[in-house]
1. Out of curiosity, is residue 155 more than 26 Å from the chain's Cα centre (by Cα), surrounded by 16 or more Cβ atoms within 10 Å (Cβ to Cβ), touching a residue at least 60 places away in the same chain (Cβ under 8 Å) and more than 30 Å from residue 212 (Cα to Cα)?
2. Residue check, residue 180 against (1) surrounded by fewer than 16 Cβ atoms within 10 Å (Cβ to Cβ); (2) more than 22 Å from residue 112 (Cβ to Cβ); (3) within 22 Å of the chain's Cα centre (by Cα), all met but one. Which one?
3. I need a count of the residues in segment 144-174 that are within 13 Å of residue 73 (Cβ to Cβ) and part of a loop (DSSP other than H, G, I, E, B).
4. When you look at residue 63, is it surrounded by fewer than 16 Cβ atoms within 10 Å (Cβ to Cβ) and in contact (Cβ under 8 Å) with a residue 60 or more places away in the chain, yes or no?
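What follows is calculated from the coordinates using simple rules that are stated; it is not laboratory data. On a predicted model such as this, the values are computed, not experimentally measured, just so you know. A quick note on method: Cβ atoms are made from the backbone with ideal geometry, for glycine too, and the neighbour counts reach across all protein chains shown.
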C-alpha cells in the first residue's frame, strides 16, 4: 500500500509538471528544501486512526525517620461556679504555656483551641440538678524536636496539663522524600511501559501525559497511639517511654503515565 501511495504521488507530481508548462509563468520561487510530513492513516470508518499509546500506573515508597513531633494537651478544670471554672482553666493554661516557653518553644508553635464550658448535672434524683461546670481547653504544640518530646510531656503534666490527647510524628524532610518517591515512580512506569511495548512488538517514544494520582499529605503525620490521662508520675513516665519510639514513616507517590508507541 505504501509503494502504491508513493507511485500515485509521483504520477500526480508529473501531471502537475505537464500542466505547469501550459500555464502562465509566475515569479513565485521554489523552496530549496521540501519537508514531507506523515499524515495519519485513515481508518476503515473514514476517520483518522488514533495514535497508539500505552498507559501505566506506578507507585513507589521512600522511608524516612521522623525528626519532629506534635503534642496535643488538654486542660480540664471543674468548679461549682462557671466564672471560677474559667478562671482556674485560664491560670492552668497560662502556667503550661509559660513552662513551654521556658523550654524554648516558640510562640508560633503554640496554639490554643476548643474552649468548652459544659454544665455538670446530678442525675441520681428524680430530676436533674446542676452541680457545677467543667471547662476543657486544647493546647497544641508543633515543631517539637524528637529529643525534647519526653521532657515536654512530663513537664507540661507537672505544670498542670491533665490529659495528653495525642502525639504524632513527622519528618522535616517530607517534601524531599516525596520528590524522590515521584522520581522512582516515573522510572518504574517507564520500565513497565517498555516491557509491555516490547511484548507487543512496539517501542516507547515520548511521554504524552503524566497524572499525579495521589499526593497523600495526610502521610506527613504518623500517629503514635499515645493518648493518656496521666493521674500519677508513673503514668507520665510510661508516656515518655512510648513517645520517643518514632520508628520509620513511609512517603508514597503514585503516577499514571501515557506513552506514545511506534513499531519496532
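1. Numbers: more than 26 Å from the chain's Cα centre (by Cα): yes; surrounded by 16 or more Cβ atoms within 10 Å (Cβ to Cβ): yes; touching a residue at least 60 places away in the same chain (Cβ under 8 Å): no; more than 30 Å from residue 212 (Cα to Cα): yes.
So residue 155 does not fit the description; no.
2. So the condition that residue 180 fails would be (1).
3. Residues meeting the conditions: 3.
4. Numbers: surrounded by fewer than 16 Cβ atoms within 10 Å (Cβ to Cβ): yes; in contact (Cβ under 8 Å) with a residue 60 or more places away in the chain: yes.
Considered against the rule, which asks whether it is surrounded by fewer than 16 Cβ atoms within 10 Å (Cβ to Cβ) and in contact (Cβ under 8 Å) with a residue 60 or more places away in the chain, residue 63 comes out as yes.
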